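**Student:** Below are the structure tokens for one structure; questions will follow.
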Amino acid sequence: MLNLTAVLAVLTSSPASALDPTRQISQYAIRHWTPDEGLPHTSVTGLAQTADRYLWVGTQEGLARFDGVRFTYFGTETDPAFRSNFILSLLADSGGGLWIGTRGGGLVEMRNGVFRNWGAKEGMPGETIVSLAETSDGAIWAGTLDDGLARIHEGKATTISSKQGLPSGAVRALAAGPAGELWVGFSDAGIVRLEKGSFRHFTEADGLPSRIIRSLHLTEGGVLWIATGDAGIASMTEGVFTPYSSGDLEGASVRAIREDSDGNLWIGTEGKGLARLTGGRLSTYVHVEHAPLTADIWAILEDDEGTLWVGSHGGALTQFRDGKALIYATREGLPHPSATALHADRESGLWVAGFAGLSHFNGSRFESTNTTDDDPIFSLHQDRDGTLWAGSQSGRLIRTAGDGTASVYTSAHGLPSSSIFAVHRDPAGTLWVGTAAGLARMNNGRFTVLKAEDGLGSNVVRFIHGDAQGALWIATDGAGLTRYLNGRFSVWGTAQGFPSDFIRAIHQDDQGVLWIGTGGAGIVRVHDGRFQQFTTRQGLLHDTIYSIVEDPQGNLWCSTGRGIFSVSRAALNQVAAGRMQRVSSTVYARAAGLSTAALEGIGGVQSPAARTTNGRLWFSTAGGVVAIDPSKVQRNPRPPAVHIQEAIVDQSVIPIRNGSLVPPGSRSIEFRFTGISYYAPEGITFRYRLDNFDESWIEAPSRRSAAYTNLPPGEYAFRVIAANADGVWNGDGDVFRFELRPYYYQTIWFRLLLLLLLVAVIWQIMRVRLRLLQAETTARTAVLEESLARAQRMESLGHLASGIAHEFNNTMMSALPWAEALRKQRSEDPLVQKAAGNIREACLRARDITFELLNFAEPRPPAKEPVDLHELVNDQLRMIRPSFGPLYEVIVRRKPGTPPVEADAAQLRQVILNLALNARDAMPEGGIITVGIRLASESEHRLWGLSSDDWVVMSVSDSGRGMSEETKQKIFDPFFTTKSVGEGKGTGLGLSIVHRIIDQHGGRIIVDTDDHGSTFYVLFPTAAHARAGEQS
Amino acid sequence: MNGSSTDGDFTGRRILVVDDEAPVAEGIAMLLEIEGASVTIVGSAAEALSRVDSGFVPELFIIDLGLPGITGDQLHVLLRERLPDTPIVVSSGYGDRERIEPLLRDPQTRFLQKPYEMSALYQIVGELLRSAEL
């Protein structure tokens, strides 16, 4: 037997946390969603939850699917099945479908994501559908305002109207009963009970308070609730009507009525807000003060987690929940809007100080004690005998004895005329008062003041704690933590290596460890003279800590400017010992029910937190006092539903159907998913994983999307799992299987071809560029003075060359590993071996060229040391000689006694290498390369205009045909080469590099050429000569 | 043909490659996977950090210096804050010494100039993984 209530009952089989009837409505966590958050319109007319757990919201401007975070709009703009955007009624049926009644646009059915319209053509009696119900036979009933009722069953609509005996055509409300009966409410004719084709009509004559019916609701207990348009509400049990129209409900128009799973009846009125009927008594109202919720309530729904949804006219979508925290603000009787200091008394009561007075909470109500006029109380302390001490902003210390008699201490008693932030009686019995102008000690009714000049770190004292060893720990502003022991002060501020100068709270645990709450530096653990700092990096909610209290389970509870959090003391100790990296904070903020004002804690007074003897923890905030009972914090046991909503392939959405094909060449795929838990939607955490790609789950703490780029073709499954805010996982989650199709060219052979092509193209581009540069260089040479021109060219070309070289290095890296991998993995295939080997060789050759380019572009200063040129020449030639082949002969001649030169050996090797290569290239048919090493002769000194110091000459001669005068002029220009492009050799940089290296060594290079060959003379200062030059 | 395999055998070692050029990253990954390593590729420093912060701790990082957004040298600093001892190979097609040299003061960091050969990669990765075991 199913009806609407039963459907809801199925959905709500295990409400995680129903609404606590002992709370005032204002103490629920209340949250609103308006068009700013994506709600289509401010007037919410209908609410339903489908089997996939989505919440559906009907408005005057379309339908929205809501997952707790995002609204997705459906309406005339998205689907032709909608002929009207004005939604009047919603029904989630037992088959997972959704029925949408519209004004003037007929009925819309949604099943498996597809919308279908039911209008006059399909046999519907009217176009304005105001009410919907499902009877236990699976039939859908739609009530119209025009002409009766339609029954939709097995794809066909049949009509029941006044012609069939209904007392009126204006069907306003429907409710299905467990025996298959249907209750029909009319806007002008009372109620009809319809069962197996027979009617029974109820009117005022039967005890119905009004014939204007607005809403019907049948409870699980079999009570029919009737909302009327002009006479409040009534119930009917076994044919007997009982009206409830006392108080504000008298004569009220009620549009929505719903019983929750805790048996609270929720009543939505027109003009008088939301009412709750608990235990047979109408208890509480919510009025317009909760804007944007308005006083016109149109829709009420309890979801499967036990939270209550309310839609109002011209207002918002509003949710009521049991928050984990309970706020006491002015609405709950707190005499002042914000609280400062709190103090737990010995009978589970709480003293609350505020900016306007002092009050006492006895567990049910606040009692104001107006002892302080307009002077805000900042600090509280109660002695064992019940004497209460309150320190005020203006510096008055008010003592209230157990019998209520009060006396006031002021500057007349030696107190500074300054705000009193802290009051403390130490274990030895001395009363201490912390002020903004020093620390005062009470002695026989008089105060003596200790100040900064007495050794107190700073005069602003925020908190005082006395330990069992007789030490007093004092929190100061500006000088950190101060200890007072045996008449001496010790100060720990940033100057002493303490993490903070601003201390807000001090807590000592049963092991004697001090936990210090700081302004901006988190919590500091102080033990055995050692500090250990914990901040948001270690997992705290915030770095400014206003208060620290401990629960019996060993958790530290702290208030901050962003809400309250608890953290395990044992976990902090683990971190302190280096055995853990991070702790996890349990946060009590908006999701716990804190209002915006209550998120902002109060700090800098003693003390903004307290634990009452009943175990409740209390925190003062800008929005009142917040209470949390750690032993009763409810955990939401219901895992979230998980839905993969969309896959976006290169900016276009593809349908989420398992086995979807993703077209070849798709570069990026983004998945959007959601988790549904309305209790704390933002607290849901996700993990996703792409099978065949990701090796492990990827944490996506709150982001509801994942993107992949450049996936190789293949079959994939994208999986998402999620946990609710209390860490309860839905490990099955949702999965989307798809195949990414390959292009023909995504085969290994095509790729290989492409690589070869790539390398060839890069190569050609490089050659062309170099030639262009060379042409430019040549043109400019003619104009500019040669050495200046060279310097400038070298610089600008250097930049360009370096840029190109770097790009090539990166580009090469995308080919080289593949070639090597191919060679390694396909060693049996000779073609692959040859192809991959060639690619590899080409890459390595290109790499050598880019290194040469980089060398040219980014010279480094020579690291000079005495070098035996002869030894170096022999060594270098031995290395390169084998690559010259048999056509060449290399001769080295050295005059005995030639002194060492002062040079960079590595750079000299480059000089030798390049000159030798140049000599070889000058003799394509082979020949003799002669290297000579000696001191410059007298005549050479004269010929080349050398200084009178000793110069070492290294000559490199070839036996080729010499060079033209033009070539000789340009031989050192960068990129000048006589070798043809097609030879694939050289960059024209070799001799440029030689020239620059020699310049940097303070040497000279001179070219001599004739028909029998060329000789390069390289002149270096001797080591002795270079040293002498440096000294002078 | 497999002469350099003695340097390799990274069976089961977890390596994270951070390179914004997919063919480069995939090529390096392939070379390492041939030797049995389990390689994860990410295209940005942010992605690398989010993996690490969510509990994925590789045994070695190979990071490109020229990453978009958070650059490779910044990533190196951020990784060191989290994982003081995990070996990091920094590679670059650029030879800018002033960016690389400070990184190399870290004893568990090496530099590879792009383009590098398989043998160089195997040698450096092998050395670092072995020294991390000590």
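**Student:** Among the residues of the stretch A:409-425, are any over 30 Å from A:GLY470 (Cβ atoms) and modelled with pLDDT of 90 or more?
**Tutor:** Looking through the stretch A:409-425, at least one residue is over 30 Å from A:GLY470 (Cβ atoms) and modelled with pLDDT of 90 or more.
**Student:** Something else now. Evaluate the following for A:PHE693: is it touching a strand residue (DSSP E or B) at 6+ places or on another chain (Cβ under 6 Å) and not acidic (Asp, Glu)?
**Tutor:** The answer is no for A:PHE693.
**Student:** Right, next: Could you list all residues from the stretch A:150-175 that are among the basic types (Lys, Arg), over 20 Å from A:SER136 (Cβ atoms) and out of contact with any Phe, Trp or Tyr (no Cβ under 9 Å at 6 or more places or on another chain)? If you could, list the steps in order and put the result at the bottom.
**Tutor:** Taking the stretch A:150-175 first, the residues among the basic types (Lys, Arg) are A:151, A:156, A:163, A:172.
Add one more test, that the residue is over 20 Å from A:SER136 (Cβ atoms), and what stays is A:163, A:172.
Passing the criteria: only A:LYS163.
**Student:** Does A:GLY311 satisfy the condition of being in a loop (DSSP other than H, G, I, E, B) and among the small types (Gly, Ala, Ser)?
**Tutor:** Taking the combined requirement at face value, the residue does not satisfy it.
**Student:** Sticking with this one: Here is a list of conditions, (1) in a loop (DSSP other than H, G, I, E, B); (2) in contact with a Gly (Cβ under 9 Å, 6 or more places away or on another chain); (3) within 14 Å of chain B (Cβ to nearest Cβ); (4) of a type outside the set (D, E, K, R), and A:PHE686 meets all of them except one; can you say which number that is?
**Tutor:** Of everything listed in (1) in a loop (DSSP other than H, G, I, E, B); (2) in contact with a Gly (Cβ under 9 Å, 6 or more places away or on another chain); (3) within 14 Å of chain B (Cβ to nearest Cβ); (4) of a type outside the set (D, E, K, R), A:PHE686 misses just condition (1).
**Student:** Just to verify a result, which residue in the stretch A:813-825, among those that are among the aliphatic types (A, V, I, L, M) and within 37 Å of the chain's Cα centre (by Cα), is nearest to the other protein chains (Cβ to nearest Cβ)?
**Tutor:** Top of the filtered list is A:MET813.
**Student:** Do we find that A:GLU828 is more than 8 Å from chain B (Cβ to nearest Cβ), part of a loop (DSSP other than H, G, I, E, B) and without any contact (Cβ under 8 Å) to a residue 60 or more places away in the chain in this structure?
**Tutor:** Values: more than 8 Å from chain B (Cβ to nearest Cβ): yes; part of a loop (DSSP other than H, G, I, E, B): yes; without any contact (Cβ under 8 Å) to a residue 60 or more places away in the chain: yes.
Yes, satisfied.
**Student:** Go through the stretch A:378-427 and count every residue that is touching a His at 6+ places or on another chain (Cβ under 9 Å) and among the aliphatic types (A, V, I, L, M).
**Tutor:** Number satisfying all stated conditions: 6.
**Student:** Residue check, A:PRO712 against (1) surrounded by 13 or more Cβ atoms within 10 Å (Cβ to Cβ); (2) closer than 30 Å to B:VAL17 by Cα; (3) not small (Gly, Ala, Ser), all met but one. Which one?
**Tutor:** The failed condition is (1).
**Student:** Continuing with the same structure: Of all residues being touching a residue at least 40 places away in the same chain (Cβ under 8 Å) and under 23 Å from the mean Cα position of the chain (by Cα) in the stretch A:702-722, which is nearest to the other protein chains (Cβ to nearest Cβ)? Just the residue, please.
**Tutor:** Residue satisfying both the conditions and the ranking: A:THR709.
**Student:** For the stretch A:439-462, which residues satisfy the criterion of being outside any strand (DSSP E or B) and among the charged types (D, E, K, R)?
**Tutor:** Across the stretch A:439-462, the qualifying residues are A:LYS451, A:GLU453, A:ASP454.
**Student:** Same structure again: Please enumerate the residues belonging to the stretch A:839-864 that are at pLDDT 85 or above and more than 11 Å from chain B (Cβ to nearest Cβ).
**Tutor:** A:ILE839
**Student:** Here's a follow-up. With respect to A:GLU699, determine if the residue is in a strand (DSSP E or B), within 14 Å of chain B (Cβ to nearest Cβ) and either without any contact (Cβ under 8 Å) to a residue 24 or more places away in the chain or among the acidic types (Asp, Glu) (or both).
**Tutor:** Taking the combined requirement at face value, the residue satisfies it.
**Student:** If I filter the stretch B:53-69 for residues that are of a type in the set (S, T, N, Q) and either under 27 Å from A:ARG823 (Cβ atoms) or modelled with pLDDT under 85 (or both), do I get at least one hit?
**Tutor:** Kept after step one, since they are of a type in the set (S, T, N, Q), are these residues of the stretch B:53-69: B:54.
Next, only the ones that are either under 27 Å from A:ARG823 (Cβ atoms) or modelled with pLDDT under 85 (or both) stay: B:54.
Among the residues of the stretch B:53-69, at least one is of a type in the set (S, T, N, Q) and either under 27 Å from A:ARG823 (Cβ atoms) or modelled with pLDDT under 85 (or both), which makes the answer yes.
**Student:** Oh, and also: Identify all residues within the stretch B:57-82 that are of a type outside the set (S, T, N, Q) and surrounded by fewer than 18 Cβ atoms within 10 Å (Cβ to Cβ); write none if there are none.
**Tutor:** B:VAL57, B:PRO68, B:GLY69, B:ILE70, B:VAL77, B:LEU78, B:ARG80, B:GLU81, B:ARG82
**Student:** Test A:VAL605 against the criterion of being part of a loop (DSSP other than H, G, I, E, B) and of a type in the set (A, V, I, L, M), and give yes or no.
**Tutor:** Yes.
**Student:** B:ILE15: at pLDDT 90 or above, part of a strand (DSSP E or B) and within 12 Å of another protein chain (Cβ to nearest Cβ), yes or no?
**Tutor:** Against the criterion (at pLDDT 90 or above, part of a strand (DSSP E or B) and within 12 Å of another protein chain (Cβ to nearest Cβ)), B:ILE15 qualifies.
**Student:** If a residue must be modelled with pLDDT under 90, under 22 Å from A:SER26 (Cβ atoms) and not aliphatic (A, V, I, L, M), how many such residues does the stretch A:595-613 contain?
**Tutor:** Of the residues in the stretch A:595-613, 4 are modelled with pLDDT under 90, under 22 Å from A:SER26 (Cβ atoms) and not aliphatic (A, V, I, L, M).
**Student:** Related question: Starting from residues that are surrounded by 21 or more Cβ atoms within 10 Å (Cβ to Cβ) and touching a Lys or Arg at 6+ places or on another chain (Cβ under 7 Å), keep the ones in the stretch A:131-142 and report whichever is nearest to A:LEU47 (Cα to Cα).
**Tutor:** Per the stated criteria, the residue is A:SER131.
**Student:** How many residues does the stretch A:866-907 contain that are part of a loop (DSSP other than H, G, I, E, B) and of a type in the set (Gly, Ala, Ser)?
**Tutor:** First, the residues of the stretch A:866-907 that are part of a loop (DSSP other than H, G, I, E, B): A:868, A:885-887, A:895-900, A:904.
The next check asks that each one be of a type in the set (Gly, Ala, Ser); those that pass are A:885, A:897.
Summing the residues that are part of a loop (DSSP other than H, G, I, E, B) and of a type in the set (Gly, Ala, Ser) in the stretch A:866-907 gives 2.
**Student:** What residue, of A:GLY624, A:GLY578, A:GLY593, A:GLY601, is within 28 Å of the chain's Cα centre (by Cα), buried (at least 21 other Cβ atoms within 10 Å of the Cβ) and on the phi > 0 side of the Ramachandran plot?
**Tutor:** Exactly one residue qualifies, and that residue is A:GLY593.
Matching residues to (1) over 22 Å from A:THR269 (Cα atoms); (2) in contact (Cβ under 8 Å) with a residue 60 or more places away in the chain; (3) surrounded by fewer than 21 Cβ atoms within 10 Å (Cβ to Cβ):
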site: A:ALA120; (1), (2), (3): yes, no, yes
site: A:GLU127; (1), (2), (3): yes, no, yes
site: A:GLY155; (1), (2), (3): yes, no, yes
site: A:VAL184; (1), (2), (3): no, no, no
site: A:GLY190; (1), (2), (3): no, no, no
site: A:LEU194; (1), (2), (3): yes, no, no
site: A:PRO209; (1), (2), (3): no, no, yes
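**Student:** So the check is Cβ under 9 Å with 6+ separation or different chains; which pairs have a first residue in the stretch A:68-83 that's closer than 16 Å to A:ARG116 by Cα and a second one that's outside any loop (DSSP other than H, G, I, E, B) and acidic (Asp, Glu)?
**Tutor:** A:ALA81/A:GLU109
The values are calculated or read from the model by the stated rules, or taken from the named source; none is laboratory data. Here the structure is a predicted model, which is why all the values come from computation and not from measurement. Don't worry about glycine lacking a Cβ; one is built from the backbone with ideal geometry, like all the others, and counts go over all protein chains shown.
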